[in-house]
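The next block holds one structure in the form of structure tokens; read it before the comments.
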């Protein structure tokens with residue numbers, strides 16, 4: 001490295017060290033001062049000014065600021081719990097590095113749970129969603145704000161459903177989040193909202209995202225067909241006093257024109273409970289529910305060194321609140337305690 005290069009690197013290191021030391025000192029001072037007059041104190045410089053002085057090391061400074069933000073939060077939580085500078089620190093870090101999803105996620109949690117400021121929490125989460133549309137955690141945290149911190153508001157569950165749908169629409173959310181979104185969607189009938197999200201993803205440059213969006217749009221239509229078929233089955237039962245045993249009976253009764261087709265290669269059928277199902281939807285639900293079980297079985301094995309004796313052991317250990325029912329009507333999960341395999 002040339003002498004000039006060494007000087008530049010040394011200068012940058014000095015800037016970083018001084019900045020980190022300054023923030024650390026401010027955190028320490030802030031933990032001991034009273035809140036009187038703090039509104040007039042500029043705790044951190046404007047992020048544009050910071051970006052100018054970081055010489056392109058925005059992400060490095062954002063990392064440092066996030067570490068000090070955690071330290072500040074811990075100190076405040078043990079002290080007066082005012083968290084005066086928390087929101088400013090979080091927004092400064094995210095403006096330095098807009099793709100720092102951990103700051104948006106955990107910062108939103110800190111603001112909602114510790115500072116009891118759901119509005120600030122939502123502002124941070126919404127800012128993160130705009131620049132990180134595929135981060136399922138951010139709309140999920142926004143949904144939790146509505147479900148937990150704003151639950152007394154009449155429309156809180158509606159807005160929570162919208163954000164959970166956004167989280168599920170990323171295609172990366174865990175099965176539990178997807179299932180919760182589906183449950184609330186049924187309650188509020190947000191099918192069109194979900195469609196719009198997937199139609200937007202059809203424009204993605206990522207081939208995987210486009211293919212996923214195409215499949216999810218088909219699944220939405222399949223769910224709609226299942227609802228219609230079940231409505232027709234109810235009508236048949238009201239007319240005849242019994243449930244239809246086949247779709248042909250619905251055709252003969254003039255309730256449907258033909259048995260619907262499944263573009264995904266599956267088929268519709270009437271289960272033993274007299275309800276209409278679709279195999280493609282059931283297969284997808286089985287995969288998601290099975291993944292939840294397998295993940296927790298492996299976690300149990302890592303924690304205790306043995307496979308759980310049964311799936312119910314997962315609830316006894318506090319890993320799951322309940323064992324998800326097998327999506328296929330009439331079927332039960334098959335578990336091998338010798339290998340940890342779930343089928």
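Coordinate-derived values only; no laboratory data. It should be emphasised that the depicted structure is a prediction, and the values quoted were computed from it without experimental measurement. Every residue, glycine among them, receives a Cβ derived from its backbone with ideal geometry; neighbour counts consider all protein chains shown.
The stretch between residue 80 and residue 191 holds 35.4 nm of extra length on full extension. This uses 0.36 nm per residue minus the Cα-Cα distance.
Cβ-Cβ distance of residue 246 and residue 283, R₀ of 25 Å, FRET efficiency by 1/(1 + (r/R0)^6): the value works out to about 0.70. Put in order of Cβ neighbour count within 10 Å, fewest first, the listed residues 235, 285 become 235, 285. Put the Cα centre of the stretch 246-261 next to the Cα centre of the stretch 298-343 and the gap is 40 Å.
Each of 131, 225, 306 was scored by other Cβ atoms within 10 Å of its Cβ. Listed from fewest to most, they are 306, 131, 225. With the simple model of a label 7 Å out from the Cα in the direction of the Cβ, residue 238 to residue 202 spans 3.4 nm. Of 313, 59, the sequence from fewest to most neighbouring Cβ atoms within 10 angstrom is 59, 313.
How much FRET efficiency would the formula 1/(1 + (r/R0)^6) give for residue 70 and residue 231, where r is the Cβ-Cβ distance and R0 is 56 Å, rounded to 0.05? The calculated FRET efficiency here is 0.60.
For the stretch 264-307, backbone nitrogen atoms closer than 12 Å to the point 7 Å from residue 214 Cα along Cα-to-C-beta are found at 264.
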